Amino acid sequence: MEYRPGEIEPKWRQWWKDNKTYQVKNNTEKPKYYILDMFPYPSGVGLHVGHPLGYIASDIVARYKRLRGYNVLHPMGYDSFGLPAEQYAIQTGIHPAESTKINLERYREQLDNIGFSFDWDREVRTSDPQFYKWTQWIFMQLFNHYYDKTSDKALPISDLVKHFEANGNAGIVAVCEEETPEFTGSEWNAMTEKEQLKMLLCYRLTFPGEAYANWCPALGTVLSNDEVKDGVSERGGHPVERKLMLQWNMRITAYADRLLEGLNTIDWPDSIKEQQRYWIGKSVGASVKFEVENHSDKKIEVFTTRVDTIYGVTFLVLAPEHEWVGALTHSAQRIEIEGYIKWAAARSEIDRMSEVKKVTGAFTGSYAINPFNGERIPIWIADYVLAGYGTGAVMAVPSGDQRDWSFANHFKLPVVPILDAQKNLEIAADPTKEGRYINSGIINGMTYTEAVPTLTAWMESKKIGKAKTQFKLRDAIFSRQRYWGEPVPAYWNDGLPYLIDTKDLPLVLPKVDKYLPTESGEPPLGRASNWRYQPAGSDAKFEYELSTMPGWAGSSWYFYRYMDPHNDNEFCGKDALDYWQDVDFYIGGSEHATGHLLYSRFWNNFMFDLGLVKNREFAKKLVNQGMIQGRSNFVYRAKEQFFEEYLMLKVLEPFFAEVGPIVISESDSEEGYNYDFAFEANNLVIEVTSRKQIEKIERIRQTATADGKRLLLLTTEELTASINDPEKISEKVKAALNSREPYIETKDQPAVEQLFVSHSLLYKYSPEAFTKLHVDVNIVENDVLNIEKTQTNPHFLNANFKLDPNGQYTCSFEVEKMSKTKYNVVNPDDIIAQYGVDCFRMFEMFLGPITDAKPWNTQGISGVSGFLRKFWGLFFDSKGQFNLSDEPANKEELKILHTCIKRVTEDLERMSMNTCVSHFMIATNELRRLNSNNKSALEALVIMMLPFAPHVAEELWGMMGQSGSVCDASWPILDETHLKKDSINYPIQINGKLRATLELPVDTSASDAEQAALALEQVKKWLEGNTPKKVVFIPNRMINIVV
RNA sequence: GCCCGGGUGGUGGAAUGGUAGACACGCAGGACUUAAAAUCCUGUGACUGUAGAGGUCGUACGGGUUCGAGCCCCGUCCCGGGCACCA
């Protein structure tokens, strides 16, 4: 019987569904194992081959652990709130819940096709009110708690109030706003209720506050740092600016130390831990206060990690945004300072990044006094000092810090050496801590380790400074001016926020007429009618908070919901939590290093403080699966033959007829000559990444328009605007078509050398041009373009043509991230249809180590496909009849089997799936060679194959007469005795180089082995009659003779 | 610039400090076939060679430790990912 995956695979999926094979119970005597995938955001494009990589790996581990006797929790769900659905809603008016549901069903269908062992009864969706009810509930807990530094945990606000009533805020060490004033118990009691509530906001773990935010005017929302890339929004590429706004914040900084320490307790990749450590950015140092001449009310506080350099301070630098800049500016300097501030504010993030080396700044005219030596030092402003870090002011030590040195050098400020070991200060700063201090008052002659405590003690006694630890980590902004997110369960009364009653959870997203900000600039929820809260026992209604929660809210705790997904009374029941505890193994992409993976740890720590969860860390072990990259194929051509025009026209041709206007946007990033293609609305958008392209485009345009066709060029800004307002674009198109004078931007630039056009795109839209192209292709070296294959599926082409000296067409490829706009996305459905799911699963694993990034390449899939057929063939005789021998397995069979058991087991434990596949191949090839059809051996192999190829395993299991699912079988037990060899083939090395091999019985003694080795002809030849200096003998391994 | 990974045949990749290149793809030759596909067998790091013997070289490059290094240490180059003036 032939192996027909197309028949057996759907059959078993249905069987699993009917028999609830993957249903997981919370109450069992078995040990638990919780293996979790990062849940996907269900985007409109569906799964590509990169998605399942991690899911397949986790599914293999889940199935393996189950065979090992664990009760395995392996759930899946959806991170279903998010910006793309909202953008789609803005464009189409379709409710995000609707489009999300459609996407989600597509995902589910694709996931089902891959044969995962998910318990779908436990599915969660963050946008489901029954889920976000608990996201809101956790938010309320954060609001109702503060962070107590003494016990180092979160405590109820009510405890804090009691303390305030008795003692004010003296004697309480809590994490709070920097400017929180001190007050006594009676002062507290004398405050109005409103004043008290306002004061409490300084302590709550989530609170509304003014903060600089990444405001994106085009999207009408605030973005998190990870959503901003190079000064533009990650999605859409819209400009982003820094803006002071009233936002909900999460006091994640309270947990900075614990988040840092916790990293030492978890088995996560070092790169992730490093990124988190850097992000938290703990630096230990001191803060020092500098008095300002003629401003007795102002003391400039600076933070430094090198307090030992205090005598080398020759000026202070404030951030241009520092609040005292205005007051400290002398009238003579006012024009210059104001000019500088204006200039600095106008600098975009990109400017700042690209001009790091440029020294800029301005002198305020004021002077500060160095508290250690009383010296008068000028106060400058410069934008290398960041307003958001530390105090927004630094003490500049040009001899020890390169930035300070450059600044001093540029503005001719003095450089004072402070250590005798400092060298070449006329060329650069020397940050050394070696040597002994000079010019340094009380620490003269001391070393670094002596100086620091001396200085700290001195300044603490004089109350001019103190030891301080500073974190880079900022409080996390939690508000989004968007529709498609969790509503914040709070309302406003007289400028103060109040929580709604727990009984009123979930606070369900209201309907709105449009998913855009209101006319007055309020978030979309401002459009909802009667979006007001009536507290119990109140006649009045109050306006709800209008912002929604960010994407990371739901994902910060979802792993607990899987444990008890249908619980209406708790986010997760106590019994379920007691049993499942935490995630044993978490698999997902490393791109979440400082986002999801940090916020989740923060929430988890908080929930741990409240006794809501069992462990400080939510995931014991984390593995990052590598990205599967796409392969984009390109066609090149030398410039002088005007190939580009030909190609472009061929590509564009169909569109002139079909879609009307063609939009070409221009962005002047770096070099590179890509035309990127994408569809926006109904237009073909060609993004030109170099100004040099404009001329080319213009020539094409002229050719095109001569034929009565139209082409329109737009700048990036216009394109951006068009996405938000489709009306605008059509106006522009109309105008351009009427005038027949499209907007063109040109520059005197040399013509491009070559041009890349996506290969597959060309095929897709102009098969004719594609065919033409390959007729005279000159094929070089081994990689041959298989035109047959290519024509059936342009994605699978394997072209690697070298540039031909005769100017022939040449092809090449680049490996890049899979993305829709690059036309290099490979959908798993096609492969599954051709080879079957089991083959797809095994092939993805066979591609290489799970953690490596690798380009998707179907070369080699035939090897896995062939292996599965061979494996299947082991169960059938030459007549095609299912035929197994019931004899006990012989020695050779046992050796093959147990070698396989040993290797696969070991490799599974270390997540080396690719080598597991090759072990199966070896076992299969060897059994075939023996013509073995031993039932007991094959039964064990079927069990081991289950995690990798579940359908074929179930089918063969059934054919072997077993009832029930092979999922409930037990992993074969390794018996090392079958691996024992009688003899060892020793490598004989001379001076570490292999010269011969020698077969010797196992456990041959050192002297016998030595004797036998020295007797070999090959060895004698190398010895040339000399006695060896030394013989190294490693039992059962090797012999090395040193001559 | 800083921090983390990595660099092995034509390709994807194997290799607790112990016979480098497992397994697979590709390629070449052969069997079967009217033919093709499929399948099976053999070969396949480079150079050299008396050619199924033997030898030399070989894991980015230069050093080192070791009886022995792809693996450990020092330096250099290149590629991938992350961060952005953090005082």
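The values are calculated or read from the model by the stated rules, or taken from the named source; none is laboratory data. What you are looking at is a predicted structure, and each value in this text was computed from that prediction instead of being measured. Don't worry about glycine lacking a Cβ; one is built from the backbone with ideal geometry, like all the others, and counts go over all protein chains shown. Side chains included, ligands, DNA and RNA excluded: accessible areas come from the protein's heavy atoms. Shrake-Rupley method; radii C 1.70, N 1.55, O 1.52, S 1.80 Å.
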Scan of the range A:7-59 for residues that are under 22 Å from A:Leu956 (Cα atoms), in a helix (DSSP H, G or I) and within 30 Å of the chain's Cα centre (by Cα), ordered by number: A:Ile56, A:Asp59
Positions within the range A:977-1002 being more than 9 Å from RNA strand B (Cβ to nearest atom), farther than 20 Å from A:Thr899 by Cβ and open to solvent by 50 Å² or more (accessible area, probe 1.4 Å), in sequence order: A:Pro1001
Total residues in the range A:296-315, condition farther than 19 Å from A:Glu450 by Cα and within 11 Å of RNA strand B (Cβ to nearest atom): 4
Hey, A:Glu434 in contact with a Leu (Cβ under 9 Å, 6 or more places away or on another chain) and open to solvent by 70 Å² or more (accessible area, probe 1.4 Å) or not: yes
Positions within the range A:390-414 being more than 12 Å from RNA strand B (Cβ to nearest atom) and small (Gly, Ala, Ser), in sequence order: A:Ser399, A:Ala408
Answer from A:Trp458, A:Trp484, A:Trp492 - the residue that is part of a loop (DSSP other than H, G, I, E, B) and at pLDDT 90 or above: A:Trp484
Selection from the range A:437-461 of residues that are open to solvent by 30 Å² or more (accessible area, probe 1.4 Å), among the polar types (S, T, N, Q) and touching a residue at least 24 places away in the same chain (Cβ under 8 Å): A:Asn439
Set A:Lys273, A:Lys298: member being surrounded by 13 or more Cβ atoms within 10 Å (Cβ to Cβ), in contact with an Asp or Glu (Cβ under 9 Å, 6 or more places away or on another chain) and not aliphatic (A, V, I, L, M): A:Lys298
Evaluation of A:Thr206 against (1) closer than 22 Å to A:Pro523 by Cβ; (2) out of contact with any helix residue (DSSP H, G or I) (no Cβ under 6 Å at 6 or more places or on another chain) (one fails), failing number: (2)
Candidate set: the range A:1010-1028, residues that are near RNA strand B (Cβ under 9 Å from one of its atoms) and not hydrophobic (A, V, I, L, M, F, W, C); chosen: the one surrounded by the most Cβ atoms within 10 Å (Cβ to Cβ): A:Gln1018
Enumerated helices (runs of 4 or more DSSP H) restricted to the range A:876-948, each holding at least 1 residues that are away from RNA strand B (no atom under 13 Å from the Cβ) and open to solvent by less than 70 Å² (accessible area, probe 1.4 Å): A:891-909, A:935-945
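What are the residues in the range A:958-976 that are hydrophobic (A, V, I, L, M, F, W, C), within 44 Å of the chain's Cα centre (by Cα) and open to solvent by 20 Å² or more (accessible area, probe 1.4 Å), if any? Don't jump to the end; show me each part of the working.
Applying the first criterion (hydrophobic (A, V, I, L, M, F, W, C)) to the range A:958-976 yields A:959-960, A:966-967, A:969, A:971, A:973-974.
Now drop any that are not within 44 Å of the chain's Cα centre (by Cα), which leaves A:966-967, A:969, A:971, A:973-974.
Scanning the range A:958-976 gives A:Ile973, A:Leu974.
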Options A:Asp975, A:Asp1008, A:Asp968; residue that is within 25 Å of A:Gln23 (Cβ to Cβ) and at pLDDT 85 or above: A:Asp968
Contacts under 7 angstrom Cβ, first residue in the range A:969-985 being over 17 Å from A:Pro888 (Cα atoms) and of a type in the set (Lys, Arg), partner open to solvent by 40 Å² or more (accessible area, probe 1.4 Å) and within 16 Å of RNA strand B (Cβ to nearest atom), 6 or more apart: A:Lys981/A:Val1002
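Could you please let me know if A:Ser912 is within 21 Å of A:Val837 (Cα to Cα), polar (S, T, N, Q) and touching a residue at least 12 places away in the same chain (Cβ under 8 Å)?
The answer is yes for A:Ser912.
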Of all residues in the range A:858-875 being more than 7 Å from RNA strand B (Cβ to nearest atom) and in contact with a Lys or Arg (Cβ under 8 Å, 6 or more places away or on another chain), the one that is most open to solvent (accessible area, probe 1.4 Å): A:Gly873
Residue satisfying all of: in the range A:471-481; in a strand (DSSP E or B) and open to solvent by less than 20 Å² (accessible area, probe 1.4 Å); farthest from RNA strand B (Cβ to nearest atom) among these: A:Arg480
Qualifying residue in the range A:826-834 (condition: part of a helix (DSSP H, G or I), within 14 Å of RNA strand B (Cβ to nearest atom) and at pLDDT 90 or above): no
Hits in the range A:448-470 - residues which are within 22 Å of A:Thr391 (Cα to Cα) and either under 41 Å from the mean Cα position of the chain (by Cα) or within 15 Å of RNA strand B (Cβ to nearest atom) (or both): A:Val452, A:Leu455, A:Thr456, A:Met459, A:Gly465, A:Lys466, A:Ala467, A:Lys468, A:Thr469, A:Gln470
Residue match in the range A:891-903 (condition: without any contact (Cβ under 8 Å) to a residue 24 or more places away in the chain, on the phi < 0 side of the Ramachandran plot and under 42 Å from the mean Cα position of the chain (by Cα)): yes
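Quickly run through the range A:25-42 and pick out the residues that are surrounded by 14 or more Cβ atoms within 10 Å (Cβ to Cβ) and either closer than 17 Å to A:Gly554 by Cα or out of contact with any Phe, Trp or Tyr (no Cβ under 9 Å at 6 or more places or on another chain) (or both). Working first, answer last.
Taking the range A:25-42 as the starting set, the residues that turn out to be surrounded by 14 or more Cβ atoms within 10 Å (Cβ to Cβ) are A:26, A:32-42.
Scanning the range A:25-42 gives A:Leu36, A:Asp37, A:Met38, A:Phe39, A:Pro40, A:Tyr41, A:Pro42.
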From A:Tyr498, A:Tyr533, residue being among the hydroxyl-bearing types (Ser, Thr, Tyr), open to solvent by less than 20 Å² (accessible area, probe 1.4 Å) and in contact (Cβ under 8 Å) with a residue 12 or more places away in the chain: A:Tyr533
Tally of residues being in a strand (DSSP E or B) and within 16 Å of RNA strand B (Cβ to nearest atom) across the range A:244-287: 7
A:Val1031 touching a Pro at 6+ places or on another chain (Cβ under 7 Å) and open to solvent by 20 Å² or more (accessible area, probe 1.4 Å): no
From the options A:Gly281, A:Gly339, residue that is closer than 22 Å to A:Glu177 by Cβ and surrounded by fewer than 19 Cβ atoms within 10 Å (Cβ to Cβ): A:Gly281
